[in-house]
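Working notes, beginning with the structure itself.
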Amino acid sequence: MAVELAPPDIGHYSAGNTGIPFTFSFASPTPGPHLLITALIHGNEICGAVALDFLLRQNIRPTRGTLSLCFANTAAFARFDPSQPEASRFLGEDMNRLWDAGTLAAPADTPERLRAREIRPLIDSCDHLLDLHSMQCDTEPLALSGMQEKGLALASRLALPGLIVADPGHRAGARLRDYGAFADADDPRSAVLVECGPHWYQRTADTAIQVCLTFIDAFGMLEDEARQIRPPSPPPKRRIVEVTDVITVTADRFEFTQDYRGLDVIEQRGTVIGYDGGRPIITPYDSCVLILPSRGLSRGQTAVRLGRFRD
Ligand SMILES: [Zn+2]
């Protein structure tokens, strides 16, 4: 995959304004919800850093409530090398598999665990979270809403992206999107993860900016001038995929039977789409949608999710 994007210089944001490095909060005198946008949970997914840099340079301020911005895995991002763009996803461990109280408290001190503990108070204080990511697949942007209706409701409030995937996360550990209150059906706080497009494409960063503005606007918190930055986008035809199966690698080797690109629809139930070692992976129903097929996998990682379009 080509690397079109240059990583923005974020060094001058290191002090932040919250007491936590690389984080900002802007409060309006008018009460309202606390929105948080996180970027760089994966250090090489630089579209999110481009978007937060844009919001900061444009002095985007909420018309009510509070808007917070967080550059998460800045240590990994600092190692971004366009000749090895996959290498800086994380330094010690995947920062998007740590988000349960036990894992965060466990006696481990990888750079990701330390940073997660550092930003946790900000995450605990927000009402609604937008977590910006990009993906290996060259498919349309998609929102991962989790399995709760409130995640679906949040994703549906955004003008972008048009495709929402309701999925249960990964066996390897809890995502930020699924952390604490966000996964509690009785708690009003909600979160959405947006895959803004393929890693390192210019259009992915453009989408990330649009998604941020859309998120703030969805809560009536975007200033009029900022609304003009937002080019009018046609209302997407909203589609929802419900994930029914998460395929986790259990063998030493995982191979797909074809070069699936993501959002492939496999018409026939019983089609073999891959092999986990010797175990065939078979589609469980007709018109099965393959979500985010991944390459270069090791044991315990998610190979692909299987789902179906909701009518
Ligand atoms: Zn990611």
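The values are calculated or read from the model by the stated rules, or taken from the named source; none is laboratory data. Everything numeric here is computed off the predicted structure, so don't read it as measured data. Using ideal geometry, Cβ is built from the backbone for each residue, glycine included, and neighbour counts are taken over all protein chains shown. With ligands, DNA and RNA removed, areas are computed over all heavy atoms of the protein, side chains included. Shrake-Rupley method; radii C 1.70, N 1.55, O 1.52, S 1.80 Å.
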Exercise. Applying 1/(1 + (r/R0)^6) with R0 = 30 Å to the Cβ-Cβ distance of K237 and R279, what FRET efficiency is obtained, to the nearest 0.05?
Worked result: 0.25
For this session: State in Å² the accessible area per residue of region 241-310; use a 1.4 Å probe, count heavy atoms of protein chains only, and round to the nearest integer.
Result: 50
Exercise. So if we plug the beta-carbon distance of D252 and S125 into 1/(1 + (r/R0)^6) with R0 = 51 Å, what FRET efficiency do we get, rounded to 0.05?
Worked result: 0.75
Exercise. Quick one: net charge of V241's neighbours, Cβ under 9 Å, K/R +1, D/E -1?
Worked result: +2
Problem set entry | Amide H partners (placed H, <5 Å) of W200, local residues excluded | I46, C47
Problem set entry | Residue of N96, N17, N73 that the Gaussian network model of the chain assigns the largest fluctuation, springs spanning Cα pairs under 10 Å | N17
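When Lys and Arg each count +1 and Asp and Glu each count -1, what net charge do the other residues less than 9 Å away from D167, Cβ to Cβ, add up to? Don't skip to the answer; put the middle values down first.
Details: positive: R305; negative: E242.
Residues close to D167 contribute a combined charge of 0.
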Seminar exercise, completed: Averaged per residue, the 1.4 Å probe accessible area of region 123-192, protein heavy atoms only, in Å², is roughly 33
Exercise. Under the definition of Cα pairs under 8 Å and six or more residues apart, what whole-number percent is the relative contact order of region 11-229?
Worked result: 24
Exercise. For helix 202-218, what angle does its Cα long axis make with the longest principal axis of the chain, in degrees from 0 to 90 and rounded to 10?
Worked result: 60
Exercise. If amide H atoms are built 1.01 Å from N in the plane of the peptide, which residues on other chains or at least 5 residues away come under 5 Å of the amide H of T271?
Worked result: T283
Seminar exercise, completed: Counting only backbone N atoms under 16 Å from a point 7 Å out along Cα-to-Cβ of V265, the residues of region 158-178 in range are 163-165
Problem set entry | Fluctuation leader among G278, G300, G16 - the chain, Gaussian network, Cα springs under 10 angstrom | G278
Seminar exercise, completed: For the chain, the percent of all C-alpha pairs falling in each 20 Å bin, from 0 up to the bin holding the max distance, is 33, 60, 7, 0
Problem set entry | Surface accessible to a 1.4 Å probe, per residue, for the residues of region 75-116, Å² | 49
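If each residue of separation counts as 0.36 nm, what is the full-extension length gain between R57 and A105 once their alpha-carbon separation is subtracted? Intermediate values should be presented prior to the final figure.
Details: separation 48, 0.36 × 48 = 17.28 nm, distance 3.54 nm.
Separation in residues times 0.36 nm, less the Cα-Cα distance, equals 13.7 nm.
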Seminar exercise, completed: Under a Gaussian network model of the chain whose springs join Cα atoms within less than 10 Å, the largest fluctuation of T103, T207, T139 belongs to T103
For this session: Could you check how much of the accessible area of the chain is carbon and sulfur, as a whole percent, using a 1.4 Å probe?
Result: 50
